[in-house]
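Here the structure is laid out as structure tokens; the discussion comes afterwards.
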Number of protein chains: 4
Amino acid sequence: MSKVLMKGNEAIAESAIRAGCRYFFGYPITPQNEIPEYLSSALPKAGGVFLQAESEIASINMVFGAAATGVRVMTSSSSPGISLKQEGISYIAAARLPCVIVNIMRAGPGLGGILPGQADYFQATRGGGNGDYRHVVYAPSTVQEAADLMFDAFDTAERYRMPVMLLGDGMLGQMMEPVEFKEALPLNTEEKDWTLTGTGNKRKPRKIYSLDVNPVTLEEHNLFLADMYKEITEKETRVECEGIEKADLVVVAYGTTARIVKEASDMCKNEGIKVGIIRPITLWPYPDKVFETIGSDCKGVLCVELSLGQMVDDVKIAVNGRQPVHFYGRTGGMVPGADEIVDQIKRIYSTGRSK
Amino acid sequence: MSKVLMKGNEAIAESAIRAGCRYFFGYPITPQNEIPEYLSSALPKAGGVFLQAESEIASINMVFGAAATGVRVMTSSSSPGISLKQEGISYIAAARLPCVIVNIMRAGPGLGGILPGQADYFQATRGGGNGDYRHVVYAPSTVQEAADLMFDAFDTAERYRMPVMLLGDGMLGQMMEPVEFKEALPLNTEEKDWTLTGTGNKRKPRKIYSLDVNPVTLEEHNLFLADMYKEITEKETRVECEGIEKADLVVVAYGTTARIVKEASDMCKNEGIKVGIIRPITLWPYPDKVFETIGSDCKGVLCVELSLGQMVDDVKIAVNGRQPVHFYGRTGGMVPGADEIVDQIKRIYSTGRSK
Amino acid sequence: MSKVLMKGNEAIAESAIRAGCRYFFGYPITPQNEIPEYLSSALPKAGGVFLQAESEIASINMVFGAAATGVRVMTSSSSPGISLKQEGISYIAAARLPCVIVNIMRAGPGLGGILPGQADYFQATRGGGNGDYRHVVYAPSTVQEAADLMFDAFDTAERYRMPVMLLGDGMLGQMMEPVEFKEALPLNTEEKDWTLTGTGNKRKPRKIYSLDVNPVTLEEHNLFLADMYKEITEKETRVECEGIEKADLVVVAYGTTARIVKEASDMCKNEGIKVGIIRPITLWPYPDKVFETIGSDCKGVLCVELSLGQMVDDVKIAVNGRQPVHFYGRTGGMVPGADEIVDQIKRIYSTGRSK
Amino acid sequence: MSKVLMKGNEAIAESAIRAGCRYFFGYPITPQNEIPEYLSSALPKAGGVFLQAESEIASINMVFGAAATGVRVMTSSSSPGISLKQEGISYIAAARLPCVIVNIMRAGPGLGGILPGQADYFQATRGGGNGDYRHVVYAPSTVQEAADLMFDAFDTAERYRMPVMLLGDGMLGQMMEPVEFKEALPLNTEEKDWTLTGTGNKRKPRKIYSLDVNPVTLEEHNLFLADMYKEITEKETRVECEGIEKADLVVVAYGTTARIVKEASDMCKNEGIKVGIIRPITLWPYPDKVFETIGSDCKGVLCVELSLGQMVDDVKIAVNGRQPVHFYGRTGGMVPGADEIVDQIKRIYSTGRSK
């Protein structure tokens, strides 16, 4: 298939269908509305169901219900709308059901603004909902990567029976870029041994639930999840690195911010500063290990985010005191220019290892 | 006033009224139901309003509305119910309004069980809602401390115009202990310059909102909040430490878990192991600084939680690679015995500084 | 007290407080917003509670809850909002609780327009909710009468323990007229034997419910209600009549429409046509009996409404074939002029008794 | 096709699919749960969508949305659930959209009981929602008739673009009878000129709405509806009569109650009383005209309902004073025996024309 020029939101929607998604439940919010708009037309044509529900709460619980039948189902929203879904996500994670949640982040907190943000990192990676649960978080930095990761999102969700989040920012959702779609997957009609599809009086009923008042079995369930999360950490962590072994300074960024960092890194090369880049593609599991390969020349690690500093916590944990960790962020919908980041890099470079 | 024997939940409710709270909006959930039950009777007698709303969403938004008028207002719930309030909390934080939120945690994730848990630490300290916001989190370990901290909660909320959370676990809510209440505060009728109380045609209308589509002013607002959070970190951090300068091993725990750790520590003394204890009283701001005073004899830092490991992230950040960090947790409503913790301590002690 | 110039909506609100109402739960809708606006400021000052709920459903159920404690409570809305409350009204009627519901009707159906209408007559008099229940419906035609009837509304509601509706149209709500308020009633603190106010461990718990799966007792309950409705019909029916014994023609109208009819009647006098007027003040119970006193000269009965014809059903039942019944209505927010009604009267008069 | 033995609820569901219904949105309530249960399995197999929504409100508004696209869509509920849908029904009627609403009535008012009732007659025939609107109401008395009328319901709804109600009682829903289904209709794929199906950039956008703040056009819309209602009254009224021209007494009843009346009528024949029967099949439009054919021997008209007297209003209007009108009703889920009705008939017969 040749490339087509598309908005990130549209590419995410088209790719979802190609990845086998046939059910969407959501409620509108800027800047992700092209996703439901696209699916409201395309899903019925693909034999699927698009439903705009009464609220974000209703939609995530419809996702819960559909997921229990084994179909590929998704919802999408933006920051405040994702906040409303936290209880539902916790329930789905507890009940071990696969689904995909897209968050096209806007500036916060509260209703905030409609321009891009990255301030839902904590919510996405630690679970804004209650209890010990995790979900894989993919953070694409281009429209093409967003389209590709939708396939991974549905596959990973199904493989581990868990919610998976695609975390973009408003820029990614709104920018147009050429994208080449993967071929549509044939619908998986293979029977699963856990889905609620009616017994047809031929088998015993199955149960899907998140309530368990017996502490012994509930702890067992939590330990099962912990083991699964450990396996996921080992197998599913993804990261893109560039020259970190010999870097004078390493910059960490994800999503569209990483593209600006790349530009800043190129600008620094001309000035004789070797800038390494770590771009986590999965925000959970976080690519801790790769930070151990940062070379001894490195004078510091700079984390750049569209927030007041959230991923920087994971950077600190990963760095574990080996290098000083610095932070630079913009908020409110403001996006840093490459020159701003170059300034930060130079400042840190010149003051050496002093934190 | 002499001591009375009371459940933690009841003491929290009684103390709220003494601290000047006159408005409560909530929705029932175990194991915190004694709070609304107590207030449903006591608040009207105190000239206040108790309202059981249609849902958790409705109740947090009623808190939002009441807070805008400058009164002392609270809600309470337990884990899944708190998840449902995340959007509202983010809005209240963005709009800079004071209120108190009590979370008496149960085991999760999802609907989970009704026995105690501490697995909402991430949600409480990083904001399960969207955007860059923080709220002070008090973590009492006794009924007396819970009663006392309710005064601090309302004062801090009002001083900084922000939501403040009291984070307990089911054990704290249900246990009965003698408690001595502070004297009731006189109601603060001082006029504030930001409340929405009607202009009476005597002044210009004021506005309270969380939406700001102008990125310049929204970033300014975020930076204002960042400065405020920094000030709070400096002034409001609270922690209780015991023998950490000369400890062979330091154990970190909060809430009722810290009481079990204390018991374990005493048991270790007899075996010649010097166990230091760090008990954060505020979970945010986190008492990072105190970790720098851990002595050089310390072979490791053990974090104990009723979770699969959440506060341990903050411990790692605070320790910053100086000592190996270990974790021990129970979940599902299971509570570790002091002997279990002693076993963990001995295991770490015997293997030395090897992580 | 001297007269003050006030909008109908404001007079209704002020009078509610004077009649002892201390609790209001509602959700905004034009053209009745002056009622909640007034009460949001005045109720707290009177020691009461004003609450804007999440929805119309929530607000009517809060009315249900408050009514169960024996306090004087009301809600107000306009046509579509009242539709949403029908389930709740049926529950309150079934549970035998006193409350006052104000409907300031707008043009329908559906969202309709914001101009006046009288097309909720069926809903008001037959119960838009399920089951056999009735509630008294007062239909004031002046601001003064609206203010006065609020006292009757609360008294009747309490006397019979039932919902009572004040049914106005947008004109009544928005027009300004001089009004003289009755003196405020002292709050009735007399203990009732059916309210849920907490047992204080001194009496047996009481129950208030609308569910009864035993058909024998449920039928008994229905027959009890039927007897009560019969008693109310005998004692509480109210009507204003003018010259119906000797009329050439009788016009029936309620609310502000009756004022236009009065004007038309005066205009007819000059033309030698004797027009009698029946103005029901209670729409349920309906003043059937008075129709029997219409004189033998009467050539027909004309019903005028801001609808396509609803009260005309009750007119036909009351007339029972003795005179031909005619109808004239305007809808969509259009209000007939007196001259239009005169035209109708002349047309009927000239064609004699032929229907 | 041969006959199958089926519950009324199941037959209604099966017949809906055969009549082309492919969308169902609802919320569970006894005694109609076999309808959603059947459709939850059968609709997806027929390429349709079954969705259990968050609430009755959500489900009727989903019906609203689906109807706007021109598909055949339905909801079903029982008394209190239907009360919650009144606002939505008024909106759908105002927006001129076709849909089918099934009400399997239970005893009321309020939550009432789960046994059969007929006390939602007023709500069904006069519109429990706001404004001047009507919808056709079919009242089947056998399972076979219920199955057949579902075809009429969908056809009538589509022909006039209006909601149509099938009004049964719990007996009808729960009883099993042999039923022969009509052959499934081919899906109507003919394009309509009013549906919202996306312009495909090939035509101008269409609008569907119920709000119109211009009183002139809103009145025009109401008059258009009035003309349509008149046409429907002329063309769609249905009734079953038996021996009313020569009857000593006429009994009026609908639904399953009419079957008991038939039995009573047969019993009276043996005693020399000629009992005529009027069984309205459409409750709106009401078969007024047929009452004019009641013969001059008739000593009275008895209306029998599972209510305290609702259809009796329409009987009085239709009779218009020509005969005395009597009423007999049972409520709370109690169903009269044929002998009870015979007693009533004898009582009226013996006292002659005295009312």
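The values are calculated or read from the model by the stated rules, or taken from the named source; none is laboratory data. For clarity, every value in this text was computed on a predicted model and none was experimentally measured. Every residue, glycine as well, gets a Cβ built from its backbone with ideal geometry; the counts of neighbours run over all protein chains shown. These area figures cover heavy atoms from the full protein model, side chains too; ligands, DNA and RNA do not enter into them. Shrake-Rupley method; radii C 1.70, N 1.55, O 1.52, S 1.80 Å.
Per-structure values
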| quantity | calculated |
| --- | --- |
| Nearby aspartates and glutamates by direct alpha-carbon distance to D:Lys3 (threshold 15 angstrom, same-chain neighbours under 8 apart not counted) | D:Glu14, D:Glu145, D:Asp148, D:Glu177, D:Glu180, D:Glu183 |
| Simple spin-label estimate for C:Ser2 and C:Arg206 in nanometres, 7 Å along Cα-Cβ | 4.4 |
| 1.4 Å probe accessible area per residue over the range D:141-191, in Å² | 41 |
| Expected-Rg normalisation [2.2 N^0.38 Å, Cα atoms] applied to the range A:264-337 | 1.15 |
| Nitroxide proxy distance, nm - points 7 Å out along Cα→Cβ at C:Asp266 and D:Lys45 | 7.3 |
| Accessible surface buried once A binds B (1.4 Å probe; total of both sides; Å²) | 4900 |
| Candidates C:Gly200, C:Gly117, C:Gly255, ranked by Gaussian network fluctuation over chain C, Cα under 10 Å, top entry | C:Gly200 |
| Inter-chain Cβ neighbour average for residues C:46-58, partner chain, 10 Å | 4 |
| Using a 7 Å Cα-to-Cβ projection, D:Lys3 label spacings across copies, nm, ascending | 7.1, 7.5, 8.1 |
| Peptides D:239-248, D:104-113, B:146-155 ordered by average Cβ neighbours within 10 Å, highest first | D:104-113, B:146-155, D:239-248 |
| Share of Cα-Cα pairs in the range B:40-131 lying beyond 20 Å, as whole percent | 38 |
| Around C:Leu187: net Lys/Arg minus Asp/Glu count, Cβ-Cβ under 9 Å | +2 |
| Burial order of peptide ranges D:265-274, A:30-39, B:85-94 (average beta-carbon count within 10 Å, highest first) | B:85-94, A:30-39, D:265-274 |
| Residues whose placed amide H lies under 5 Å from that of C:Asp169, excluding near-sequence neighbours | C:Met105, C:Thr256 |
| Diffusion coefficient, µm² s⁻¹, Stokes-Einstein with Kirkwood Rh over alpha-carbon pairs of the range C:9-72 at 10 °C and 1.306 mPa s | 135 |
| Whole-number D in µm² s⁻¹ for the range C:63-215, Kirkwood Cα-pair radius fed into Stokes-Einstein, 10 °C, 1.306 mPa s | 95 |
| Max mean-square fluctuation residue, GNM over chain A, Cα-Cα springs under 10 Å, options A:Thr331, A:Thr257, A:Thr293 | A:Thr293 |
| Residue of C:Pro44, C:Pro280, C:Pro215 that the Gaussian network model of chain C assigns the largest fluctuation, springs spanning Cα pairs under 10 Å | C:Pro215 |
| Axis-nearest residue in chain D [Cβ, rotation onto B], distance in whole Å | D:Ser55, 6 |
| Teacher prompt: C:Tyr209 distances to equivalent labels in other copies, 7 Å Cα→Cβ, nm | 2.4, 4.7, 4.9 |
| Under-5 Å amide H pairs with B:Trp284, H placed in peptide plane, nonlocal only | B:Val137 |
| 10 Å Cβ neighbours from other chains, averaged over peptide C:222-230 | 3 |
| Hydrodynamic radius by Kirkwood, which averages 1/r over all alpha carbon pairs of the protein assembly as shown, in angstrom | 34.8 |
| Pairwise label distance in nanometres, B:Glu183 with D:Asp339, each label 7 Å out on the Cα-Cβ vector | 8.0 |
| Whole-Hz ³J(HN,Hα) from phi, Karplus 6.51 cos²θ - 1.76 cosθ + 1.60, for the range C:3-14, glycine and proline x | 7, 10, 8, 8, 5, x, 4, 5, 5, 4, 5, 4 |
| Computed over the range C:221-344, the ratio Rg/Rh where both radii use C-alpha atoms and Rh is Kirkwood | 1.01 |
| Table column - 3J(HN,Hα) (Hz), the range A:41-53, Karplus curve with 6.51, -1.76, 1.60, x for Gly and Pro | 8, 7, 5, x, 5, 8, x, x, 10, 10, 9, 8, 8 |
| Ordering of B:224-236, C:68-80 by packing [mean C-beta count within 10 Å, highest first] | C:68-80, B:224-236 |
| Copies compared at D:Leu185 - label distances in nm, ascending, label defined 7 Å from Cα in the Cβ direction | 3.9, 5.5, 6.8 |
| Rounded D (µm²/s) - chain B, Kirkwood Rh over Cα pairs, Stokes-Einstein at 37 °C, 0.692 mPa s | 156 |
| For the range B:343-348, Karplus couplings with θ = phi - 60° (6.51, -1.76, 1.60), whole Hz, Gly/Pro x | 4, 4, 4, 4, 4, 5 |
| Global geometry of the range C:121-197, whether rounded, prolate or oblate, following the gyration tensor of its Cα atoms and the 1.5 cut on a/c | oblate |
| 20 Å Cα-Cα reach of B:Lys289 towards lysines, excluding residues that sit fewer than 8 places from it in its own chain | A:Lys316, A:Lys355, B:Lys230, B:Lys235, B:Lys246, B:Lys299, B:Lys316 |
| Sulfur and carbon atoms: percent of accessible area, chain D [1.4 Å] | 51 |
| Average beta-carbon neighbours from other chains, 10 Å sphere, peptide A:96-106 | 1 |
| Share, in percent, of DSSP beta bridges within the protein assembly as shown that are antiparallel, nearest 5 | 25 |
| Considering only the range A:128-279, percent of DSSP beta bridges that pair antiparallel, nearest 5 | 30 |
| Chain D: antiparallel DSSP beta bridges as a percent of all, rounded to 5 | 25 |
| Amide proton proximity set for C:Asp132, modelled H, under 5 Å, gap of 5+ | D:Gly108 |
| Distance between the range B:262-328 and the range A:261-326 - C-alpha centres, whole angstrom | 27 |
| Within straight-line cross-link reach of D:Lys7, lysines at Cα separation under 26 Å, skipping those fewer than 8 residues along the same chain | A:Lys202, A:Lys204, D:Lys45, D:Lys85, D:Lys182, D:Lys262 |
